[in-house]
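Bear in mind that the values in this text are calculations on the coordinates, not laboratory data. These numbers come from a predicted model, not from an experiment. Please note: Cβ atoms are built from the backbone with ideal geometry, for glycine as well, and neighbour counts cover all protein chains shown.
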Amino acid sequence: MANGARGETRIEIAGRSYRLCLTLGALAEIETAFGAGSLGALDERLGNPGARDVIAILAALLRGGGEAVSDEDVAAMPLSMREAASAIAAAFAAAGLGRGAGEPPGNASAPGQTMGPARSRGANG
């Protein structure tokens, strides 16, 4: 079972439940994979993700949740882009950085939503 207080969420793939968690290590792995030096740079980079981007992020989140998977393992999983994007959005939301659990990020989402962490804005926008 996922521990919401720890920012964990779950995804079911081919009848097996996997834990995802945006740990500090997973976040650093994602930043490194995208050459982003900050959350703001990562947010900008993830505005229009490709399939390899989704694989890298999902793999990092799965490893953050304690799953022993490689990027290649994730690429071979029977999972749609929408399912993967929803799981990623839920993991970021569970960590307090997302735009809402269950809202698919990137191209599969409503305009203006991206896959990466949300930046908080002040009263003036």
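Once both labels are positioned 7 Å from their Cα atoms along Cα-to-Cβ, the gap between residue 67 and residue 14 label points is 1.1 nm. Modelled this way, with points 7 Å down the Cα-to-C-beta line, the labels at residue 76 and residue 28 are 2.9 nm from one another. Evaluate E = 1/(1 + (r/R0)^6) for residue 39 and residue 6, where r is the Cβ-Cβ distance and R0 equals 25 Å; express this FRET efficiency to the nearest 0.05. So, using R0 = 25 Å, E works out to roughly 0.80.
Amide hydrogen proximity for residue 13: with H placed 1.01 Å from N in the peptide plane, the residues at 5 or more positions away or on another chain lying under 5 Å are 18.
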